[in-house]
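Step one of this worksheet: look at the structure below.
The values are calculated or read from the model by the stated rules, or taken from the named source; none is laboratory data. Keep in mind that what you see is a predicted model, and the values were worked out from it rather than measured. Using ideal geometry, Cβ is built from the backbone for each residue, glycine included, and neighbour counts are taken over all protein chains shown.
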């Protein structure tokens with residue numbers, strides 16, 4: 001009886017109180033992350049800083065990935081041509097996304113470094129100069145996108161039905177590219193400042209509106225006609241535009257950490273040059289990777305529209321988990337920038353290793369899930385047997401390398417946060433164009449592996465890239481990058 005009391009009686013109460021205290025502390029920490037109460041990440045617990053930054057960033061990317069999945073779900077109901085149109089158009093839109101991500105990387109690197117140095121006014125000026133560049137770049141892309149939409153889509157598909165039904169979608173997405181650029185770039189400012197909560201809210205607003213408008217504009221509702229696949233582009237443009245309005249209101253109105261003033265927008269050639277230097281590397285990374293993706297999907301396009309559609313659906317599903325993982329990688333970028341600015345390079349390095357470890361665990365769980373239940377996830381979007389088979393094959397093979405991706409993306413973003421965008425750009429070129437692209441062609445078309453060859457080339461290239469990023473990061477040259 002005495003022994004039972006030792007386990008179940010009074011002596012057990014202090015342990016219960018400790019457990020309750022731990023749970024209370026965790027909920028308090030999550031609440032702070034949602035509210036964005038803390039912005040100084042250069043002192044205190046590193047794990048705490050990772051949680052405070054990564055929770056809103058992960059939730060930000062969850063909504064972005066949910067948008068991609070929901071968009072694919074509704075577009076799949078229109079037909080195989082509609083799904084192929086979205087996939088082919090987005091492969092060409094990678095130019096816009098690459099520029100947006102490049103500007104976002106530059107904004108995060110410069111703003112986080114200035115915040116770490118304790119100079120929010122200089123951070124605001126760097127953000128304003130980046131906005132000016134974004135508007136100028138958008139104008140240069142809109143005009144050719146409007147005039148040559150049919151030709152752009154025709155380059156990617158030999159199927160005349162895809163071009164006929166999808167050119168309006170392509171034209172609108174290219175013409176209205178400014179919301180895409182600004183939404184990503186402005187969130188880069190918020191992330192660099194450590195205000196991940198505002199970045200999360202902006203993307204939730206943008207994609208929440210898109211998700212609500214998708215079925216209305218695609219299928220019609222009441223007086224609203226059914227626009228088909230064009231409706232998906234309309235919903236995306238409206239949602240992202242509203243998100244940008246919210247971002248601008250926060251930067252000009254509330255401005256908790258950074259508040260923009262009209263004087264900040266007077267052109268400053270010195271800042272603009274540095275922004276372009278950093279942004280060119282960030283854009284180059286994504287553009288190199290995305291251009292190889294265009295090559296991948298062009299190979300699949302030669303194998304059939306069902307294979308293209310299956311791959312498009314699989315990619316949307318994978319985005320649902322890769323984008324949240326990018327949210328954690330973005331947290332590493334901010335931690336590196338602010339801690340380097342504050343003169344704590346060792347803390348910056350430790351933050352990256354810890355973030356990479358957490359991301360690796362998350363991606364391992366996701367990989368196991370997709371390997372087991374790939375057909376189930378594809379059938380949520382379509383019952384076409386050929387599309388399901390192709391999509392499940394893509395999901396299983398590509399997800400097999402998720403553990404490597406999880407660590408690699410954190411290290412790449414850490415280098416970007418330090419302002420060293422050149423090194424990840426070189427790594428991307430080596431592994432996506434000297435490894436992945438020729439290997440995909442060789443396996444898929446020359447050796448007759450078909451779509452399987454394309455998917456295996458992706459796994460091999462991404463895994464090699466992650467291992468190379470680990471080696472480069474350990475050398476530590478990024479600690480001396482000037483921003």
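How about the range 324-344: which of its residues are over 17 Å from residue 108 (Cα atoms) and surrounded by fewer than 22 Cβ atoms within 10 Å (Cβ to Cβ)? 343, 344 - these are the residues of the range 324-344 that are over 17 Å from residue 108 (Cα atoms) and surrounded by fewer than 22 Cβ atoms within 10 Å (Cβ to Cβ). Restricting the first member to the range 33-51 and to residues that are more than 18 Å from residue 333 (Cβ to Cβ), and the second to residues that are modelled with pLDDT of 80 or more and in a helix (DSSP H, G or I), the beta-carbon pairs closer than 7 Å and six or more apart or on different chains are 34/56; 34/197; 35/197. Has the range 233-244 got at least one residue that is within 30 Å of residue 120 (Cα to Cα), surrounded by fewer than 19 Cβ atoms within 10 Å (Cβ to Cβ) and in contact with a helix residue (DSSP H, G or I) (Cβ under 6 Å, 6 or more places away or on another chain)? Within the range 233-244 (the criterion being within 30 Å of residue 120 (Cα to Cα), surrounded by fewer than 19 Cβ atoms within 10 Å (Cβ to Cβ) and in contact with a helix residue (DSSP H, G or I) (Cβ under 6 Å, 6 or more places away or on another chain)), the answer is yes, since at least one residue qualifies. Answer yes or no: is there a residue in the range 30-49 that is surrounded by 20 or more Cβ atoms within 10 Å (Cβ to Cβ), modelled with pLDDT under 75 and not in a loop (DSSP other than H, G, I, E, B). The answer is yes, given that some residue of the range 30-49 is surrounded by 20 or more Cβ atoms within 10 Å (Cβ to Cβ), modelled with pLDDT under 75 and not in a loop (DSSP other than H, G, I, E, B). Of all residues in the range 203-232, those being in contact (Cβ under 8 Å) with a residue 60 or more places away in the chain and either touching a strand residue (DSSP E or B) at 6+ places or on another chain (Cβ under 9 Å) or within 22 Å of residue 51 (Cα to Cα) (or both) number 3. What are the pairs, 6+ residues apart or on separate chains, where a residue within the range 270-292 that is in contact (Cβ under 8 Å) with a residue 60 or more places away in the chain has its Cβ under 7 Å from a residue that is not in a helix (DSSP H, G or I)? Note: pairs meeting the criteria are 278/419; 278/421; 281/421; 282/421; 285/421. Name the pairs whose Cβ atoms lie under 9 Å apart, with the first residue in the range 460-483 and touching a residue at least 24 places away in the same chain (Cβ under 8 Å), the second surrounded by fewer than 15 Cβ atoms within 10 Å (Cβ to Cβ) and part of a helix (DSSP H, G or I), and 6 or more positions between them or separate chains? Note: pairs meeting the criteria are 479/346. Of the helices (runs of 4 or more DSSP H) that lie entirely inside the range 96-201, those containing 2 or more residues that are under 23 Å from the mean Cα position of the chain (by Cα) and modelled with pLDDT of 90 or more span 120-147, 178-193.
Looking across the range 209-259, the residues that are outside any helix (DSSP H, G or I) and closer than 18 Å to residue 197 by Cβ come down to 255, 256, 257, 258, 259. The set of residues in the range 66-81 being surrounded by fewer than 24 Cβ atoms within 10 Å (Cβ to Cβ) and either assigned to a helix (DSSP H, G or I) or in contact with a helix residue (DSSP H, G or I) (Cβ under 7 Å, 6 or more places away or on another chain) (or both) consists of 66, 68, 69, 70, 71, 73, 74, 76, 77, 78, 80, 81. Quick check on residue 466: is it part of a helix (DSSP H, G or I), at pLDDT 90 or above and within 26 Å of residue 353 (Cβ to Cβ)? Yes; evaluated as a whole, the condition is true for this residue.
Being more than 30 Å from residue 474 (Cβ to Cβ), out of contact with any strand residue (DSSP E or B) (no Cβ under 7 Å at 6 or more places or on another chain), surrounded by fewer than 24 Cβ atoms within 10 Å (Cβ to Cβ) and touching a residue at least 12 places away in the same chain (Cβ under 8 Å) is a description that does not apply to residue 373.
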